[in-house]
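Notes follow the structure.
Laboratory data are not the source of any read-out in this text; all were calculated from the coordinates shown. Keep in mind that what you see is a predicted model, and the values were worked out from it rather than measured. Please note: Cβ atoms are built from the backbone with ideal geometry, for glycine as well, and neighbour counts cover all protein chains shown.
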Amino acid sequence: MSDKIIVIKNLKKSYKEVNALRGISLEVRRGQIFGLLGPNGAGKTTTIGILLGLLRPDSGSVMLFDQEVFYSNTKQLQKLKEKIGVLLETLGLYEPMTVYEYLMFYARLYGLLESTAKERVCEMVEIFGLSEKKGTPIGKLSKGMKQRVAIARALIHNPKLLILDEPSTSLDPVWQRCLREQLIKAKANGTTIFMCSHNLTEVERICDYVAIMGHGVIKARGELKELLNAFEKQITIEFETVSDLKKAEILLESSNFRVVSKQRNSLVVAGRNLKLHQLLEILYTNGVKVHDTKEHFVTLEDAYWSVVSNE
Amino acid sequence: MNEQIKILLKKELSTLLRNKRIILITMIVLLSVSVVVPTYVFREMVKSTPSDIQSRLIEFSINFYLLVFMIPISLFVAYSAFTDIFYREKLSKTITTLLSAPVTLQEVLLAKALAIIAVAYPFLIISSIIFPIILKVTFPMFSFSMIKIYTILHLVLVLPLFLFGTVLLLGTLTFISKSARLINLIFFFIVMGLMFSVGRLQRFATQNMTSIAWYIAICAVIVTSLGIGIWKHAHPEEVITA
């Protein structure tokens, strides 16, 4: 079996006159946590719908576990789905059922034997703090608890691939942390994770690979570090005197550094792979006195904004 | 029956039976109405009707019986089981989530229809037992052999048509695209039409047994072709609002 768990090639999908996907391609490798980001309407949920065989693409191909989703017969597709745990943006819970009944129902649908299902349900309710609510109808739970039930459902059968759409929605910081721990644990057990999220901090903390979507195309992608390096970093330099500032501006511009803003006694320099020691070396060797410096490291939020604001 | 349908059916039944008190009260009311109205009202009407239009009145009374008994049962049980149906968006969400598990849309709809049948069936059996009694009381001129034919037709035709009508109704209420809903609705009315024409058939049956065979054959062909068409047509995309 190949190392690639998900392979999407040139996927296109439109709804009447709206082009939801305009030819996206991506690959997710075994054991990777892949974060798909993008504003509302970027095409993330449509991508998940197609991945699961719920929506038909206009063109392109989707391979899961080396199997073409849209050329699989019903049995092959069912076998494929048994390996996948899913959390959709809309939870779709059966509200009259109790937490225990609901999780047992899904555990059995995913092919767990009755005894294994019972053990697994007990384990899940314990992990997600639902032990005391086991007998409560889902409709009577709070939003956060419903989200935890849905997460437990996705993990109930120890899936080989987890597809999560906004997993931390409605979770308080304690349960967000618990979710992260569970995802990292699942990864350590060999589960590949494909997640869409607006929670950039969460993505930054757990994802190995990130892609940013906008208007149905992938605008930026790469391993997290590599992706962040592709965006401009900024350094603010404060000077002791105005004459130092003027001299520094000329020196830096002549050395091909880009000064993006200037204040009374400070300059902001921007650029890819910008190194503070290089700037200081130029300034010190030319006798410019620097009062203070501040490096602004590129965060995922900066990268996201940069991509989204360029649309 | 495959394992997935069994699991789905068990879940649908447990959801359905949560409303057992309401179901029971409704069924008692329906049974009472379906017994009282034909036996009292129609008997009186037949008495005062000229003999040439009596047979039409009998046919009408049988159809009325089916209308009073079948339609509310199917609608009510469907409502009790799938309250979500009347909130299409909510239904779409639960089915979408369900379809992300190893389950097909066909299995989901079949399990729902079977659950409805499982709950409604005991009442339908009761109706099949009281049906000949009502006929004999309402129309004393009927012989027992005629009543036997009526009852057999009731079981052979009405019940399967009721099952298929329920699946079509579910499709109509579940599907998103207008064309699929319209097709399901048209098919639903065709099946309901077949069901109500059982009354006419039952009248003919007393005169000509060959017509029954033809009628059953036509019903089987129509229902099978509609069934295959819908079964092939049902794709998850039909219930998903992306």
Cα-based Rg/(2.2 N^0.38 Å) for the stretch A:35-164, rounded to two decimals, is 1.13
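Give me the inter-chain shielding for B:98-111: mean count of other chain Cβ atoms within 10 Å, whole number please. The partial results should precede the final answer.
Working: counts 5, 6, 16, 14, 14, 4, 5, 1, 1, 3, 0, 0, 0, 0.
Partner Cβ neighbours, averaged per residue: 5.
Rounded to the nearest 0.05, what FRET efficiency do residue B:145 and residue B:182 have when you use their Cβ-Cβ distance and R0 = 41 Å?
Numbers: r = 43 Å, r/R0 = 1.05.
Working from the Cβ atoms, E equals 0.40.
From other protein chains only, count the Cβ atoms within 10 Å of every residue's Cβ in A:152-161, then give the mean. Working shown, then result.
On the way: counts 0, 3, 2, 0, 0, 2, 0, 0, 0, 0.
Mean shielding by partner chains, rounded to a whole number: 1.
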For labels at residue A:3 and residue A:261 in the simple 7 Å Cα→Cβ model, what's the distance in nm? 4.3 nm
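Take every Cα pair under 8 Å in the stretch A:232-298 that's 6+ residues apart, average their separations, divide by the length, and report that relative contact order as a whole percent. The partial results should precede the final answer.
Values: 110 pairs, mean separation 34.3, N = 67.
In percent, rounded to a whole number, it is 51.
Can you figure out the FRET efficiency of residue A:293 with residue A:123, using R₀ = 60 Å and their beta-carbon distance, to the nearest 0.05?
Numbers: r = 51 Å, r/R0 = 0.86.
Given R0 = 60 Å and the Cβ-Cβ separation, E is 0.70.
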Work out how far the C-alpha atoms of the stretch A:232-298 reach from end to end along every principal axis, then list the three figures in whole Å, largest first. 29, 21, 17
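State, as an integer percentage, the relative contact order of chain A based on alpha-carbon contacts under 8 Å between residues 6 or more apart.
Worked out over chain A, it gives 20 percent.
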For the stretch A:134-148, 3J(HN,Hα) per residue [Karplus equation, 6.51 cos²θ - 1.76 cosθ + 1.60, θ = phi - 60°, Hz, x = Gly/Pro]: 3, x, 8, x, 4, x, 8, 8, 6, 4, x, 5, 4, 4, 5
If amide H atoms are modeled at 1.01 Å from N in the peptide plane, then the residues at a separation of 5 or more from residue A:164, or on another chain, having amide H under 5 Å from its own are A:87, A:194, A:195, A:196
Calculated P(r) of the stretch A:1-87 - Cα pairs past 23 Å, %: 19 percent
Acute angle (nearest 10 degrees) that the helix A:173-188 long axis makes with the longest principal axis of chain A, alpha-carbon atoms: 80 degrees
Could you list A:277, A:215 so that the one with the fewest beta carbons within 10 Å of its beta carbon is first and the one with the most is last? A:277, A:215
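Quick one: A:298, B:103, fewest Cβ neighbours within 10 Å first, how do they rank? If you can, show how the numbers build up before the last one.
On the way: A:298 18, B:103 21.
Arranged by neighbour count, lowest to highest, A:298, B:103 become A:298, B:103.
Taking the Cβ-Cβ separation of residue A:22 and residue A:181 as r and a Förster radius of 51 Å, what is the calculated FRET efficiency to the nearest 0.05? The partial results should precede the final answer.
Numbers: r = 37 Å, r/R0 = 0.72.
For R0 = 51 Å, the calculated efficiency reads 0.90.
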Other protein chain Cβ atoms within 10 Å, averaged over every residue that makes up A:85-97: 5
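About the Cα centre of the stretch A:4-228, how large is the charge dipole given +1 on each Lys and Arg Cβ and -1 on each Asp and Glu Cβ? Please answer in debye to the nearest 20.
Values: 33 positive and 23 negative charges, 67 e Å.
Dipole of the stretch A:4-228, to the nearest 20 debye: 320 debye.
From the helices alone, meaning DSSP H stretches of at least four residues, give me the mean residue ellipticity at 222 nm for chain A, per-run term -39500 (n - 2.57), in deg cm²/dmol to the nearest 500.
Values: 11 runs with 117 residues, N = 311.
For chain A, the value works out to -11500 deg cm²/dmol.
Given Cβ point charges of +1 (Lys, Arg) and -1 (Asp, Glu) and nothing else, what value in debye, to the nearest 20, does the dipole of the stretch A:63-135 about its Cα centre take?
Values: 9 positive and 11 negative charges, 42 e Å.
I would put it at about 200 debye.
At a 10 Å Cβ-Cβ cut-off, how would you order A:175, A:305, fewest neighbours first? Please list the in-between numbers first.
Values: A:175 18, A:305 13.
In increasing order of surrounding Cβ atoms, one gets A:305, A:175.
How would you classify chain A from its alpha-carbon gyration tensor, with a ≥ b ≥ c the square roots of the eigenvalues: rounded for a/c under 1.5, else prolate if a/b is greater than b/c, otherwise oblate?
On the way: a/c = 2.89, a/b = 2.01, b/c = 1.44.
Here chain A falls in the prolate category.
If you take the Cα Rg of the stretch A:133-253 and divide it by 2.2 N^0.38 Å, with N the number of residues, what do you get? Please list the in-between numbers first.
Details: Rg = 21.8 Å, N = 121, 2.2 N^0.38 = 13.6 Å.
With N residues counted in the stretch A:133-253, Rg over 2.2 N^0.38 Å equals 1.60.
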